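Below is one structure, written out as structure tokens; comments come after it.
Please treat every number below as a calculation from the coordinates, not as lab data. Fair warning: this is a prediction, and the values are worked out from it, not measured in the lab. Heads up, the Cβs are rebuilt from the backbone with ideal geometry, glycines too, and the neighbour counts pull from every protein chain shown.
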Amino acid sequence: MRYVLSAALLVLFVLAWQGVASLDSVDDLTLASPVETWDALRTDWSLLWDNAWVTLVEVLLGLAIAVVAGVGLAIVMHLIRPLRDAAYPLLVASQAIPIVVLAPLFVLAFDYGIGPKLAIVALICFFPITVNLLDGLRSVEPDLIKLMRSFGASRLRTLRSVELPASLPFLFSGLKVAATVSVIGAVFGEWAGADEGLGRLVLLGNTQLQTPRVYAGIVILTLMAVALFALVAIAERVACPWNQPVRTRPSRVLRHS
Amino acid sequence: MQVEAEAPTTEPLSFEMVTRRFGALTALDQISLRVRSGEVLAVVGPSGCGKSTLLELVAGLQEPDEGVIRVQAAGTAAERRAACAYMPQRDLLLPWRDALGNAALALECQGVPRSEARRRAEPLFERFGLADFERSRPAELSGGMRQRVAFLRTLLPGRPLLLLDEPFGALDAITRADLQEWLAGMLSEEPRTVLLVTHDVEEAIFLADRVIVLSARPGRMVAEFEVALPRPRSVTDPELALLRGEALEALRS
């Protein structure tokens with residue numbers, strides 16, 4: 001039922017998009033219709049695919065760096081209380097820096113290659129991971145920590161056996177946000193300076209007035225973010241089976257109504 | 001010389017003039033008590049009388065402001081922690097581990113490898129009425145079964161002094177009665193030194209050899225009863241009811 005509704009909503013959206021794009025008052029250069037976008041997807045497929053691949057690699061590597069750095073930072077901050085208190089404001093500040101301003105500086109620092117893209121993706125993705133994981137590590141009941149102490153558990157044992165497993169659902173919440181914004185990060189990185197990638201292709205298409213290709217690029221970027229989100233959601237189900245809502249089979253009466 | 005050396009080492013637990021304060025609030029006031037080897041001592045009192053604090057002091061999770069606590073002659077908090085098997089009111093099972101993994105947790109904390117800890121927990125499942133539930137997650141177990149897994153986890157490391165903090169407080173009346181009988185049976189089969197804290201006078205008399213009554217805040221000892229009733233006991237025994245009346249009287253005063 002959920003999927004049927006989602007599909008219906010999507011169809012409705014595409015129809016509305018087609019409707020607006022077909023209006024006389026709307027310039028073709030401003031808004032490509034779904035049909036034009038579909039055509040661009042088909043004719044430019046190999047170009048789009050090659051560039052999408054470049055962007056996907058940036059996204060995945062950037063995310064990997066963000067996970068390692070974000071998880072590591074959260075654990076260190078959790079274990080060292082004064083560091084947590086001192087570093088938290090800096091964490092927040094790191095997110096207040098406008099990426100648009102920072103991106104060209106990263107290009108200056110890391111040159112035109114993949115470096116600045118990874119830096120930007122990692123910079124915006126580590127934050128939701130670290131913040132969520134920190135909350136998760138703190139969510140463990142004090143009584144449970146006390147119990148572990150009475151068992152004679154070391155600090156690291158409590159972290160490994162109790163705090164980290166308990167905070168896995170929080171980590172996955174952070175990962176879902178990170179996966180979604182990671183694509184935006186890669187596009188920003190490419191806008192600041194790149195010779196390949198879907199973000200650059202979209203930017204180029206914009207200046208060359210190839211509006212359908214721009215929309216085709218946006219569709220692929222969107223699909224990429226949705227697919228990443230779905231992958232994280234599946235990984236969560238596999239990793240935290242104990243945290244799933246209990247699924248009750250709907251009764252026949254309910255299904256008929 | 002010999003007498004002096006022997007007395008403290010055989011005594012599982014002693015409190016001497018122990019006072020515990022939280023800021024301006026005095027939780028426990030000059031408590032002195034002794035637990036004999038193999039004895040079940042119950043401490044009853046109204047809620048907020050510092051019962052849980054008393055237990056955490058014994059367990060080495062808190063330090064007293066005044067006085068001395070010795071568990072098997074050992075005085076420091078770390079030594080007390082190592083000598084006590086502490087069981088809190090709620091089962092606090094880890095939802096991501098199966099029953100066997102939960103039962104093995106305390107052993108693992110002492111450095112026993114996970115597979116070895118699970119192997120040592122497994123043969124006890126039958127005796128604890130948990131046979132065939134080794135692989136079940138806590139969410140799939142009833143409240144009474146969860147509490148039995150918690151018991152198993154607490155007892156497995158084989159520490160000499162068992163501390164129970166309202167062990168049946170979170171259970172419904174029928175399950176509680178079942179588990180009280182089960183624990184009484186366990187203790188008569190395999191005597192242990194137990195310090196039990198509860199607000200349930202009947203539970204205290206049903207399980208204990210001796211009952212100490214604490215007053216409301218600040219917690220002071222107001223009465224002490226020997227429960228010389230034979231086992232197995234029955235809650236409907238008129239002598240038990242008589243003692244219950246006396247203890248309730250002491251609680252109200």
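For this structure, a couple of remarks:
- Highest-MSF residue in chain A out of A:Leu105, A:Leu47, A:Leu23 [GNM, Cα springs under 10 Å]: A:Leu23
- Short-range pairs are left out: with C-alpha atoms under 8 Å and at least six residues apart, the relative contact order of region B:78-211 is 32 percent.
- Dipole moment magnitude, nearest 20 debye, region B:44-181 about Cα centre, only Lys, Arg, Asp, Glu C-beta charged: 340
- Those lysines that a straight Cα-Cα span of less than 27 Å connects to A:Lys176, excepting residues fewer than 8 apart in one chain: A:Lys117
- Relative to the longest principal axis of the Cα atoms of chain A, the long axis of helix A:2-22 lies at roughly 30 degrees.
- Toward the positive end of the charge dipole of region B:120-253, with +1 on the Cβ of Lys and Arg and -1 on the Cβ of Asp and Glu, the farthest Cα among B:Leu141, B:Pro218, B:Gly169 is that of B:Pro218.
- Between A:Gln244 and B:Ser136, the C-beta separation translates, for a Förster distance of 22 Å, into a calculated FRET efficiency of about 0.90.
- Gaussian network model of chain B, Cα within-10 Å springs - most flexible of B:Leu25, B:Leu54, B:Leu164: B:Leu25
- Qualifying trypsin sites (Lys or Arg not before Pro) in region B:131-193, DSSP loop, other Cβ atoms within 10 Å at most 10: B:Arg135
- A straight line joining the Cα centroids of region A:1-30 and region B:141-169 runs 61 Å.
- The dipole here belongs to the protein assembly as shown: it is taken about the Cα centre, uses +1 on the Cβ of Lys and Arg and -1 on the Cβ of Asp and Glu, and is about 340 debye.
- Each Cα pair under 8 Å and six or more residues apart adds its separation to the average, and for region B:100-165 the resulting relative contact order is 44 percent.
- Taking the Cα centre of region A:127-234 as origin and assigning +1 to Lys and Arg Cβ atoms and -1 to Asp and Glu Cβ atoms, the resulting dipole is close to 400 debye.
- Projecting label points 7 angstrom from Cα along Cα→Cβ for A:Val57 and A:Leu10 puts them 2.9 nm apart.
- Think of chain B as having a plus end and a minus end, set by charges on the Cβ of Lys, Arg, Asp and Glu; of B:Ala204, B:Trp182, B:Ala121, B:Ala121 sits farthest toward the positive end of this dipole.
- On the beta carbon distance between A:Val26 and A:Met1, with R0 = 30 Å, the FRET formula returns roughly 0.30.
- For A:Ser46 and A:Ala64, the difference between the fully extended length at 0.36 nm per residue and the C-alpha to C-alpha distance is 3.8 nm.
- Rounded FRET efficiency, nearest 0.05, which uses the C-beta distance separating A:Asp135 from B:Val235 and R0 of 60 Å: 0.80
- Within 10 Å of each Cβ in A:146-159, the average number of Cβ atoms from other chains: 6
- C-alpha center-to-center spacing [region A:73-139, region B:200-236] in angstrom: 58
- Across peptide A:177-183, the mean count of Cβ atoms from other chains lying within 10 Å of each residue's own Cβ comes to 0.
- Each Cα pair under 8 Å and six or more residues apart adds its separation to the average, and for chain B the resulting relative contact order is 26 percent.
- Most mobile of A:Val59, A:Val100, A:Val187 in a GNM of chain A (Cα contacts under 10 Å): A:Val100
- Most to least packed among B:86-96, A:29-39 [average Cβ atoms within 10 Å]: B:86-96, A:29-39
- Restricting the chymotrypsin sites (Phe, Trp or Tyr not before Pro) of region A:86-189 to loop positions (DSSP other than H, G, I, E, B) with no more than 16 neighbouring Cβ atoms within 10 Å leaves A:Tyr112.
- Put a dot 7 Å past the Cα of B:Trp182, heading toward its Cβ, do the same for A:Leu79, and the two dots end up 3.9 nm apart.
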